[in-house]
Amino acid sequence: MEWLQAIFKRSPEIALFLSLSLGYLIGKIKFGKFQLGGVAGSLLVAVVVSQVGVTIDSGIKAVLFALFIYAVGFESGPEFFRSLGKQSIKEIILAVVLAATGLLTVVVCAKLFGLDKGLAAGVAAGGLTQSAIIGTAGDALTRLGLAADEVKRLQGNVAVGYAVTYVFGSFGAIIMCVNVLPWIMKRSIRDDAIAAQAAIQSGVQVMGPGQQAAAPELVGRLFEVGPAQGRTVADIEQIDKSVPVTIERVKRGGSFVELAPQLVLQQGDIVLVVGRRADVLQTAGSLGREVYGIDGMELTMQHRDIVLTSKALDGKTVDEIRRSTSNEVRHGVYVVGLHREGKALAITPDLVVRAGDTVTVFGAENDVQRVAQHVGPVLVPSIKTDFVYLGAGLVAGLLVGLLTAKIGGIPLTLGSGGGALLAGLIFGWYRAKRQTFGNLPPGAVQILKDLGLAGFVAVVGLQSGLQAVTTVRDHGLTIFIVGVIVTLVPLLLTMLIGIYVLRYNNAAVFAGALSGSRSANPAFGEVLDKAGNSVPTVPFAITYALANVLLTLLGPLVVAFA
């Protein structure tokens, strides 16, 4: 294996991408209903690869994790801030319960298995995957008044306990949140995520990528003028104002006629009528017979998003806007959707529109541009990322993560992960309100999440795997077994309290909250993958922020009670 070690020494990134490739391959294998998943698979493969001997810089891990957690926050910022309030009380309780059960489990195990304070704190840090416990526990050990050699020994045991238990701490959380939780609840994470998203959208049907209705609401139909002869285009378009249709093209004989409201239609003219399906069908009888395949009558229509910036429209209802807008402005344009901070709203006559809303319209390009002059700028679809906005968000988040506050002498900090998550939430929320800049396409968000998390986990495995296996061999399985207990028992107890006391009834929402309450980022990544949308992110963000504080406080408490 020396040749392999030599390769990894010259190019450690090969070990990283090998772990990702084989990890995702293994993660696809199904054992009945159980599937490991790409993140857990990458972790296991990385542990195996690490036995060869790999040295990889921790800066890579920090960068990958920052990208992952920022992208998660950016995607969920609008929904997160809408969800704050009394409805978040369950997530707050859940985070407190897991921290309390985690402390109780560590203290009981330390007494039963005869662990000293250093090993107990290390097991807490690794089994609960909260690295900050190493720092707070190490500081607490210096305050016990022990001899310097004894303090050094205990602090060394913190590192030993952490190294042995951290890998399963990550892996076990994935199993509990992704496999055990749905099994106990007898619910599917993906099905519940879809149901929750539908509820969030207030019953508005939202098409996924590549999806379209079999019978689209807006249609274009060709008619040969019969009963409508002698009437003007304006007459046809205003037969019934409650049934709006527009004539987009007129062909007379072998040539096209310039379209104008005063144009008088003649017998045999071919007209292209566009409108909502029901309206076109209702108008058809007054036009003539429907025809097909007329050369040159094709017209390209487009869906475009327009950001509402007009002060004249801000604060008005849909009905008020419809009545106050002239037919010349409205001609040929149909409003098919309205989003506010990422949430689809049902378009009703009494809906009040606000500046920053995104209005989706359907029409020919010239008609769309005309309406945009009265509403606001058109959002041109782009696959490019605004790196000015992305970089600014990450810098702001990482700077916040450097801030430290002390409570009773215990240093508390959001850390790089908490800071990046907070920045992502804020920058994502602001982007939803001001969509003319800060573009981060869905595809870019997905690659940041997938590569960021899987790469982070793989680096953890490459860095810790060899030391963990060596330590288990030298110290026996006791510490590892205690770590398994500390990983699983608090999660199981918190899960049962969540189901039977807090009454969580949505597996996707609960899985997000549970993974956040353990600050279990790998588990959360797998939950997101199972869900197929961002529904688990909001509860995760709330419990994750609390867990970063509550679990960090466990360091001195374990030292005090173990």
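Would you mind checking the tilt of helix 537-550 against the longest principal axis of the Cα atoms of the chain, expressed as 0 to 90 degrees and rounded to 10? The helix 537-550 is inclined about 30 degrees to the chain. Relative contact order of the range 55-196, taken over Cα pairs closer than 8 Å and 6 or more residues apart, is 20 percent. Protein heavy-atom surface of the range 1-153, 1.4 angstrom probe: 67% of the accessible area is carbon and sulfur, with nucleic acids and ligands not counted. Taking amide H as placed 1.01 Å from N in the peptide plane, the amide H of Arg249 sits under 5 Å from that of Leu272, each at least 5 places away or on another chain.
Over the chain, accessible surface divided per residue gives 47 Å², non-protein components excluded, 1.4 Å probe. Annotation for the range 498-552: trypsin sites (Lys or Arg not before Pro) lying in DSSP loop with at most 16 further Cβ atoms inside 10 Å of their Cβ are Arg503.
If you wrap the tightest convex hull around every Cα atom of the range 72-200 and split its volume per residue, you get 154 Å³. Only protein atoms count toward the accessible area here, which uses a 1.4 Å probe; on the range 232-334, the carbon and sulfur part of that area reaches 49 percent. Among the listed pairs Lys90/Lys117; Lys111/Lys186; Lys111/Lys406; Lys117/Lys406; Lys90/Lys186, those whose Cα-Cα separation exceeds 25 Å are Lys90/Lys117; Lys111/Lys186; Lys111/Lys406.
Relative contact order of the chain: 30 percent, from C-alpha pairs under 8 Å at least 6 residues apart in sequence. Using C-alpha pairs under 8 Å with a sequence gap of at least 6, the mean separation divided by the residue count of the range 473-551 gives a relative contact order of 28 percent.
Accessible area per residue was computed with a 1.4 Å probe on protein heavy atoms; Ser324 scores about 80 Å². Distance from the C-alpha centroid of the range 494-512 to that of the range 289-305: 51 Å, rounded to the whole angstrom. Across the options Val501, Ala423, Ser76, the greatest Cα extent toward the positive end of the charge dipole of the chain (unit charges at beta carbon of Lys, Arg, Asp, Glu) belongs to Val501.
Counting protein heavy atoms only, the range 431-562 has 66 percent of its accessible area on carbon and sulfur, 1.4 angstrom probe. 3J(HN,Hα) couplings calculated from phi for the range 107-122 with the Karplus curve 6.51 cos²θ - 1.76 cosθ + 1.60 (θ = phi - 60°) are, in sequence order, 5, 5, 5, 4, 5, 5, 9, x, 7, 7, 4, x, 4, 4, 5, x Hz; Gly and Pro show x. In order along the range 343-350, the phi-based Karplus estimate (6.51 cos²θ - 1.76 cosθ + 1.60, θ = phi - 60°) of 3J(HN,Hα) comes to 9, 6, 10, 6, 7, 10, x, 9 Hz; Gly and Pro are listed as x. Close amide H partners of Val291, meaning residues 5 or more places away or on another chain with modelled amide H under 5 Å apart, are Leu222, Phe223, Glu224. Against the chain, whose longest principal axis is taken from its Cα atoms, helix 521-531 shows a tilt of about 30°. Straight-distance candidates among the lysines for linking to Lys86, with alpha-carbon spacing under 26 Å and chain neighbours fewer than 8 residues away dropped: Lys343, Lys433.
With the whole protein complex present, Val280 retains an accessible surface near 0 Å², based on a 1.4 Å probe.
One entry in [x] 60, 23, 20; [y] 131, 26, 16; [z] 43, 31, 20 is semi-axes √(5λ) of the Cα gyration tensor in Å calculated from the shown coordinates; its label is [x].
Within a straight-line Cα-Cα reach of under 19 Å, Lys9 can be paired with the following lysines, leaving aside sequence neighbours fewer than 8 residues apart in one chain: Lys61.
The values are calculated or read from the model by the stated rules, or taken from the named source; none is laboratory data. Keep in mind it's a predicted model, so treat the numbers as computed, not measured. In this analysis, Cβ positions are derived from the backbone assuming ideal geometry, glycine residues included, and neighbour counts consider all displayed protein chains. All accessible areas refer to the heavy atoms of the entire protein, side chains included, with ligands and DNA or RNA removed. Shrake-Rupley method; radii C 1.70, N 1.55, O 1.52, S 1.80 Å.
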